[in-house]
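As structure tokens, the structure follows; a few thoughts come after it.
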Amino acid sequence: MKNTNSGGLLSVDIKGLLKQLFFTPSKTEQQQIASYFKSLDALIQSTTKKIASLKQLKYASFISMFPQAGEVKPRVRFKGFKEDWKTVPFDIVFRYLKNNTLSRADLNETLGSARNIHYGDILIKFRTLIDIRKDDLPYITNHFLANQLINNCKLQKGDIVFADAAEDSTVGKCTEIAFIGEEKVVAGLHTIPCRTLFEFSEGYLGFYLNSPSYHNQLLPLMQGTKISSISKSALLNTSISFPTSIAEQRQIASFFRSLDTQISLETQRLDKLKQIKSACLDKMFV
């Protein structure tokens, strides 16, 4: 019944459509089928709304739990913490590490002596914290090159890796190495890896650096039109805000990690519901 009209677009042959046979079950079965899909659609809709609500809560918490421009402490804090936060230049907190320029063609998904963090994965795939036990990092295919990179620029727990290029304002998004185990991991193409000069609670910097409180500092520093980029020298023009209490940092990180876990679980549930609906549409109709 598919035809192509004069404009080159697919069209439906109405005469052919009218000749098609439609198979229908009993009215009782029709009602049961309709009820089933109605319930499935309701679950999909409610889960979608829940994910949106959780994401809105996360954004609102970013605004209220990190100081905004001109503020010395956040508007909302955990009980027992009252001191002003510190705000210091970027290079007081971080030193830069080396990255490599390997493309996707130089990586594989199955085997190698070192894993590589590609900027595209930071922008799309990875969440705020990388856990090597859960996140799939590609391997460097060239064994000799991998060993060279391990010796010169191996990452460790707590390191931050920024994506320095993107097609939009997401440039500057980063990920924090939360668990690396015995794996050898290096930072790849279009990344800026950094290491802290003093201790922070796990996760705090990952969430802070991805919050509007920090990311808004990057917006006027971005360069490019079709592709936006941020440079190491530009990062030096930003400042880092943090509570001096490691305990407060830990509670902030724990709060946002819990939110991310809820969002991830609900997203997985939504994907599963959509898969079930698609499978049922294929199998429950002739």
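The values are calculated or read from the model by the stated rules, or taken from the named source; none is laboratory data. Predicted model, so just to flag it, every value in this text is computed and none were measured. Ideal geometry is used to build each Cβ from the backbone, glycine not excepted, and the neighbour counts take in all protein chains shown.
Observations on the structure shown:
Each row is one residue, and each column tells you yes or no for (1) surrounded by fewer than 20 Cβ atoms within 10 Å (Cβ to Cβ); (2) at pLDDT below 95; (3) on the phi < 0 side of the Ramachandran plot; (4) of a type in the set (Phe, Trp, Tyr).
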site	(1), (2), (3), (4)
CYS174	no, no, yes, no
ARG195	yes, no, yes, no
LEU205	no, no, yes, no
GLY224	yes, yes, no, no
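- Boolean, PHE242 is surrounded by 18 or more Cβ atoms within 10 Å (Cβ to Cβ) and within 23 Å of LYS49 (Cα to Cα): no
- Test set (1) touching a strand residue (DSSP E or B) at 6+ places or on another chain (Cβ under 9 Å); (2) part of a loop (DSSP other than H, G, I, E, B); (3) farther than 29 Å from SER113 by Cα - LYS226 fails condition number: (1)
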